[in-house]
1. Would you check the accessible area of residue 126, probe 1.4 Å, heavy atoms only, in square angstrom rounded to 10?
2. Taking 0.36 nm per residue of separation and subtracting the Cα-Cα distance, what length does fully extending residue 67 through residue 155 add?
3. What number comes out for the charge environment of residue 164, summing +1 per Lys or Arg and -1 per Asp or Glu over other residues with Cβ under 13 Å away?
4. At a threshold of 8 angstrom on Cα-Cα distance, excluding pairs fewer than six apart, so keeping six or more, what relative contact order does the range 1-65 reach in percent?
5. Kindly provide the pair-distance distribution of the range 155-198 built from C-alpha pairs, with 10 Å bins from 0 and whole-percent values in order of increasing distance.
6. What does the charge count around residue 71 come to, taking other residues whose C-beta lies under 11 Å from its C-beta (Lys +1, Arg +1, Asp -1, Glu -1)?
7. Might you work out the accessible area of residue 65 for me, using a 1.4 Å probe with all protein chains in place, and round it to the nearest 10 Å²?
8. Can you give me the % of accessible surface on the range 1-60 that is carbon or sulfur? Probe 1.4 Å, all protein chains present, nothing else counted.
Amino acid sequence: MKLSEGTGVTLYYQLKKLLSEKIQKRIWNPGDQIPNEMDLVNLYQVSRATVRQAVLELVREGLLIRKKGKGTFVAEPKYETDFIIQFCYPKEFGNKHEVISKKIIDAGTLGEVFEIEPNEKVYEIVRLRYFNDEAVAIEMVVLPAKQFPGLLDIDLSGRLFDILYEKYGVRITKFSSTVEPVILTGKEMKLLGVEEKKTALLLNRQCKDAEGKTYLANKSIFRGDRCKLLFQNFYDKAGDR
């Protein structure tokens, strides 16, 4: 099967989606070993770099797992609970952000999240989050460009939710979140000023308005030695649900 270069969607996004669908549809089951890099190169007629990028992203997202000396396997499913993540920054930490990069790219697989076509444009904004002048998190947010014209020309050093409400009238009130441990990459270590590989917390969120429309996809990587998350579970008076 050959991927198409004329769709406006990068080849690695196309390949990532195809591999993800094989997992979701149980063509590949948990514990199955997937074809190696060269087999995928020959199967989909793409470069080895394209295969590597697609596979690495699926590993980072927890769909695949690499075993040293053995290969790459479909990960066991992760369990979800009804815990409510109370995620907010204490006011005393301030609202300081430093913009690392901002650009316009194709929506790719995030088109499904925003209910737009894969070749429609989205903003990708990467920022450092500071607590008391210390960098503690890398935040990457993606938003549909047509919903927020001119966003990249605005000062983005403050709270993004405030900007969306004040400039565009969009109030974020609902979140769909996942949290998992990861190991910082070399680039992430450099951005956060960490000298050795440490465990970090990866928070993925889809941010929605009161009607459930998704306006923002957020991926944040928090230094494990500086942050912790509070989980609370609420019960009915009758007892456990």
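1. 20 Å²
2. 27.3 nm
3. Value of the local net charge: +2.
4. The value is 41 percent.
5. 21, 26, 32, 20, 1
6. Taking every Cβ under 11 Å from that of residue 71, the sum is +1.
7. 80 Å²
8. 50 percent
The values are calculated or read from the model by the stated rules, or taken from the named source; none is laboratory data. Note that the coordinates shown come from a computational prediction; the quantities given were computed from them, not determined experimentally. Note that each Cβ is placed from the backbone with ideal geometry, even for glycine, and that neighbours are counted across all protein chains shown. The accessibility values were calculated without ligands, DNA or RNA, using every heavy atom of the protein model including side chains. Shrake-Rupley method; radii C 1.70, N 1.55, O 1.52, S 1.80 Å.
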